[in-house]
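Throughout, read-outs are computed from the coordinates displayed, never taken from laboratory work. Note that the coordinates shown come from a computational prediction; the quantities given were computed from them, not determined experimentally. Virtual Cβ from ideal backbone geometry, glycine too; neighbours counted across all protein chains shown.
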Amino acid sequence: MNTVETLARNTAALLAANVLNLGLGLVYTVYVARFLGAAGFGTLSFALAFTGVFGVVADFGLNALATREIARDRSLAAKYLNNVATIKIVAVVVTVAMIAGTINLLGGSQQTIEVVYLFALYVVFTSFASLFYAVFQAFEKMEYQAIGITLNSVLMVAGALIGIHQHFGVTGFAVIYAVAAAAVLVYAFAACVSKFVVPRPQINKDFQRDLLKEALPFGLSAMFITVYFYIDSIILFFMKGDIAVGWYNAAYRLVYALSFLPNLYFAAVYPVMSRLWLTSRSALGSAYGSSFKLMLAIIFPITIVTMLLAGKIVSLVYGEGYAASTAALQILIWGIFFAYLNWAHSTVLNATNRQRVVAAIVFVSMVLNIGLNLFLIPRWSYIGASTAMVATEFFNFTFLLWYARSIFRDRFSLYGGVKLVGSGALTALAAIYIARLSIVLAVVCAAAVYTAAIFLSGFFSKEERSMMRSVLPRIW
C-alpha cells in the first residue's frame with residue numbers, strides 16, 4: 001500500500017470516528033449544559049481543566065516520541081511500549097498526588113473537590129489508553145483508535161442520558177467520565193495485545209533515562225499547550241465563579257469541537273511526515289504546503305459564518321440561558337482559526353526533529369497567555385479570557401510560521417489569498433440572506449457556495465485537485 005493509500009485509509013478511519021464523536025459530543029454537551037445550568041456546567045468544566053493541566057505529567061511527551069520512533073522502526077515497538085509503560089506507572093502516581101494536594105491547598109467546596117478526584121481517575125485511565133493509541137498510530141492502523149474514540153463517545157452520551165433521567169448532580173456526571181475512560185482503556189489494552197504487541201513493563205534505567213531526555217521537548221510543549229488552553233477556566237473559576245466558567249466553556253466547547261478535523265488529519269500525517277524526513281524531503285515540503293492550504297481553506301469560511309450567526313447558534317444549541325456566551329463565541333472562533341494553521345507548522349517541525357523549537361515557542365505563548373488572563377479576566381471576566389486565548393494563538397502562529405517557512409517555502413501567494421477572501425465574501429452573503437429563514441439551511445447553503453467558489457476560483461492547483469480526486473473516493 002503506497003503513502004497516499006495509507007494516508008487515505010487512516011484519515012478515513014479517524015474521520016468517521018471523529019465525525020461521530022463530534023456529533024455525540026455535541027449531544028452530550030448540550031444536554032449536560034442545559035440540565036446542570038451555567039453554574040453546574042462551570043464546575044464540571046473547571047474540574048476538567050484543572051486535572052488536565054496536571055495530566056500532562058502522566059504523558060510528558062512519551063506518546064509522541066513513541067509514535068515517531070516506532071513508525072521509523074516497528075521492530076522497536078515492544079521495547080518502547082514496555083519502557084514507556086513503566087515510566088507512566090510512576091508518573092500517574094505523581095500526577096494524582098499533585099492533583100489531590102493542590103486542590104486541597106487551594107480550597108473549594110466539598111463537591112468541587114470530589115469532582116476533581118473523579119477527574120483525576122479519568123486522567124489516569126486516559127493516559128494509558130493514549131499510549132496504546134500511540135502504538136496504533138505508529139503502525140498506521142488508526143481504525144483501532146477510531147473504535148476507541150467511538151466507544152468513549154457512545155458511553156458518554158449513554159451516561160448523560162441515564163444521569164439526566166436519574167437526576168444526577170455534578171458529581172454523578174464526573175463519574176461518567178471516569179467509567180467511560182476505564183472502559184476505553186480496557187478496549188485499547190485488548191486491541192494492542194491481540195493485534196500488535198503485549199505490554200510487559202520493564203526497567204531499563206539507561207534507556208528510560210534517554211527516553212525522558214528525548215521526550216522532554218515533547219512533554220514541555222504538551223505542558224505549555226495544556227496550560228494555556230486550560231488556565232483561563234481555572235483563573236476564571238477562582239476570580240469570577242462557576243457561572244462565568246459555564247458561559248465561557250459553552251462557547252469554548254463549540255469552537256474547539258472543530259479541532260477534531262486537524263487533529264485526525266495530522267494524526268494520520270505525522271508518521272508519514274516522520275518517514276518522509278528521512279526518505280524524501282522535497283515530498284515532505286509539498287505535504288506541508290498542501291496541508292497548510294487545506295487547513296486555511298477549511299477554517300476560513302467556518303470563522304466567517306460563526307462570526308455572523310453566533311447569536312443564533314448559541315440560542316439553538318444552549319437556549320436563551322446562555323445568551324451571554326454569544327460574544328465569547330464571536331471572539332474564540334478566531335482562536336481556532338489560528339490553531340488550525342498552527343497544526344501544520346508544529347507537526348512538520350516535530351516530524352523533522354525540531355521539537356525543541358516548538359517547545360520554546362509554546363513556552364513563551366503560555367507565559368503570555370497566563371499574563372493576559374491575569375490582566376484581562378478581572379476587568380472583563382470571560383470576555384477577557386476569550387481575548388487572551390485569541391492573542392496567544394496569534395502569537396504562536398506568527399513564530400511557528402516564521403520558523404517553518406525557514407525550512408520549507410510554501411507557494412501560497414497573495415493572489416491565492418484574494419481567491420480565498422472572495423470565496424469567503426460569497427459565503428458570508430449566502431449565510432446572512434438564508435439565515436432569515438433557517439440557520440441550519442444557511443450553514444448548508446453557505447458550505448455549498450464556498451466549496452463551489454473555492455474550486456472554481458482555482459485556489460487549489462491542478463496537482464492538488466488531482467490528489468484530492470484520488471484520495472476522496474478511498475475515504476468515502
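Shown in residue order for the stretch 226-237 are the 3J(HN,Hα) couplings computed by the Karplus curve 6.51 cos²θ - 1.76 cosθ + 1.60 at θ = phi - 60°: 4, 4, 7, 8, 10, 5, 4, 5, 5, 5, 4, 4 Hz (x for Gly and Pro).
Sorting the segments 243-249, 222-228 by their residues' average number of neighbouring beta-carbon atoms within 10 angstrom, most packed first, yields 243-249, 222-228. Consider all pairwise Cα distances in the stretch 210-271 and report the whole-number % of them above 13 Å. Tail of the P(r) past 13 Å holds 74 percent of the pairs.
Sorting 192-198, 151-157, 338-344 by their mean Cβ neighbour count within 10 Å, with the most densely packed peptide first, gives 338-344, 151-157, 192-198. 3J(HN,Hα) couplings calculated from phi for the stretch 200-217 with the Karplus curve 6.51 cos²θ - 1.76 cosθ + 1.60 (θ = phi - 60°) are, in sequence order, 9, x, 9, 10, 9, 4, 5, 5, 5, 5, 5, 4, 5, 5, 6, 7, 3, x Hz; Gly and Pro show x. May I ask you to compute the full-extension gain from Lys312 to Arg356, defined as 0.36 nm times their residue separation minus their alpha-carbon distance, rounded to one decimal in nm? Result: 11.6 nm gained on full extension. Derived scalar couplings between HN and Hα for the stretch 49-61 equal 5, 4, 6, x, 4, 7, x, 5, 5, 5, 9, 6, x Hz in order, rounded to whole Hz, by the Karplus curve 6.51 cos²θ - 1.76 cosθ + 1.60 (θ = phi - 60°), x for Gly and Pro.
For the residue pairs Lys141/Lys205; Lys88/Lys213; Lys79/Lys205; Lys141/Lys293; Lys88/Lys205, alpha carbon separations beyond 20 Å are given by Lys141/Lys205; Lys141/Lys293. In this structure, Arg281 and Tyr187 have a Cβ-Cβ separation that, at R0 = 35 Å, corresponds to a calculated FRET efficiency of about 0.40.
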